[in-house]
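Written out below as structure tokens is the structure these notes cover.
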Amino acid sequence: MRATWRMLAGRRDLRLVLSAGIVSMTGDWILTIGLIYKVYATTGSTVASALAMASAFAPQVLLGAVAGVFADRWDRKRTMIAADLLLAAGLFPLLLVRGAPQVWIVFAVMFWEGADQQFFTPAEQAMVPRLVPDDELMMANAASGQVANVSRLAGSALGGILAAFGGIVAVTLADAASFLASAALLGLVRTSGRTASRQGGPVRARLAQVSAELRDGLRLATRHRVLRALMIFALVTSVGEGTMSTLFTPFVERVLHGSPQDLGLILAAQAIGGIAGGMAAASGHRFRAGRLMCYGAVAFGLVDLAIFLYPLGYVAVWPAVAGMIVVGLPGALTLAGLITLFQRNSEDAYRGRVFGAVSALEGITVLAGTLGSGYLSRLAGIIPVLAAQGGGYVVAGLAMLVWLREEPGEPDSAGASAQRRAGPALVAADG
């Protein structure tokens with residue numbers, strides 16, 4: 001933990017980026033808690049909940065890979081600022097929602113927000129390695145994970161309060177304000193976000209150039225041995241994320257017989273474990289990122305199984321709260337290890353496209369998990385479908401332990417981690 005504080009004390013721009021993240025993500029959680037419950041409470045349908053989440057994830061399928069190309073073409077800092085401003089502006093149609101006839105507005109806004117995020121996320125993830133040396137990259141990603149969990153904790157609590165007293169108007173205005181504050185903080189970052197200049201020319205030539213760069217990025221992501229394995233891991237776990245997004249609210253209400261306040265409490269509880277996990281991941285820079293990712297995924301899946309199976313014998317909310325605290329720890333380790341491996345195995349010029357390809361893949365699989373779980377839960381029930389997603393994490397983690405026995409480009413020890421790497425060759429490293 002001391003190493004993390006020393007890193008943050010000496011990295012002004014990293015502090016600004018993380019501060020922007022904590023503000024905007026807190027606003028996102030405030031909005032998410034309000035919208036998820038609004039759609040389900042208004043319609044009483046898991047399919048409607050699935051469609052709401054699908055609206056947010058669909059842009060990843062349509063834009064994810066292409067947005068990654070522009071993250072490698074445009075100034076990354078300016079891209080993040082512009083995305084924040086567009087995200088704020090896109091929220092205001094929610095003020096027109098009054099009941100079930102206007103639920104389609106929620107779907108449209110979630111689609112818009114998801115589309116803007118496709119340009120923000122790869123630019124941010126490609127920017128982080130510029131803000132710290134390689135030996136501090138794991139700590140920086142762990143700190144970013146802690147930011148996400150602190151935001152989740154604060155946003156979940158505030159979302160419940162604002163939704164109760166101010167309704168959808170209050171949560172919408174709070175989220176819009178968070179995006180504006182985030183844009184202001186990013187404007188203070190001094191590190192250049194500029195990328196290698198691209199030649200102009202006629203529109204047709206530019207489109208051909210974008211298409212060629214997209215193919216290069218996808219080729220790297222699918223032929224590089226480590227990146228290919230990570231893409232498969234992301235595919236499996238993203239199906240689980242889509243399942244959780246769709247069925248967790250019905251799980252709390254129908255299976256645990258919980259209230260909206262219980263839902264907010266359980267979601268906030270995971271953030272507590274995530275904060276502890278972020279501290280552990282920061283110390284984990286001494287270890288291989290792949291090991292942290294794999295063991296974290298196995299532990300995450302096992303705890304998930306416990307959370308979703310215990311109601312078969314005992315129905316109460318408090319074990320879910322305790323389980324969500326515990327599951328946050330391996331979740332933070334998994335995420336920090338995964339992002340670090342993606343960053344270390346792609347050069348700066350290709351990094352936006354790699355994360356764009358990941359985003360597109362996650363969008364497809366989250367969408368499949370979201371829509372599939374909405375219908376499968378009608379046939380098999382909520383508990384079996386949620387338990388299956390927990391088992392998916394266990395299988396994926398064990399498989400990655402085998403496939404990533406040797407991690408090219410990673411340090412073999414704590415001492416070697418201080419050595420700077422020039423980055424892997426951008427040729428297919430098949431096998």
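Throughout, read-outs are computed from the coordinates displayed, never taken from laboratory work. Note that this is a predicted model, so its numbers are computed, not measured. Positions of Cβ are backbone-derived with ideal geometry, glycine not excepted, and every protein chain shown enters the neighbour counts.
General observations
- Placed amide H near Trp74: partners under 5 Å, 5+ positions off or other chain: none
- Residues in the stretch 251-256 carry Karplus couplings, in order, of 4, 5, 7, 7, 8, 8 Hz; the curve used is 6.51 cos²θ - 1.76 cosθ + 1.60 with θ = phi - 60°, and Gly or Pro positions show x.
- Test item: Cα-centred dipole of the stretch 82-145, Lys/Arg +1 and Asp/Glu -1 on Cβ, debye: 420 debye
- 15 Å beta-carbon shell around Val17, net charge (K/R +1, D/E -1): +3
- Percent RCO, i.e. relative contact order, over the stretch 87-137, from Cα pairs under 8 Å lying at least 6 residues apart: 32 percent
- Taking amide hydrogens as placed 1.01 Å from N in the peptide plane, the amide H of His224 sits under 5 Å from those of Ala429, each at least 5 positions away in sequence or on another chain.
- Leu96-Ala322 pseudo-label distance in nm [points 7 Å out on the Cα-to-Cβ vector]: 4.9 nm
- Rounded to whole numbers, the Karplus 3J(HN,Hα) couplings from phi for the stretch 224-238 are 5, 4, 5, 4, 5, 4, 5, 5, 5, 4, 4, 4, 5, 6, 5 Hz, using 6.51 cos²θ - 1.76 cosθ + 1.60 with θ = phi - 60°, and x at Gly and Pro.
- Dipole magnitude of the stretch 256-378, debye to nearest 20 (Cβ charges: Lys/Arg +1, Asp/Glu -1, about Cα centre): 300 debye
- Virtual spin-label span in nm between Leu309 and Phe165, 7 Å along Cα→Cβ: 4.3 nm
- Stokes-Einstein D in µm²/s, Kirkwood radius over Cα pairs - the stretch 257-380 at 20 °C with 1.002 mPa s viscosity: 130 µm²/s
- Net charge over other residues, Cβ less than 14 angstrom from the Cβ of Ala54 (K, R count +1; D, E count -1): -3
- 3J(HN,Hα) couplings calculated from phi for the stretch 353-363 with the Karplus curve 6.51 cos²θ - 1.76 cosθ + 1.60 (θ = phi - 60°) are, in sequence order, 5, 5, 5, x, 5, 4, 4, 5, 4, 4, x Hz; Gly and Pro show x.
- Extension gain, Ala399 to Arg223, is 61.5 nm, computed as 0.36 nm per intervening residue step minus the present C-alpha separation.
- The simple Förster model, with R0 at 25 Å and r as the Cβ-Cβ distance, assigns Arg130 and Leu85 a FRET efficiency of 0.65.
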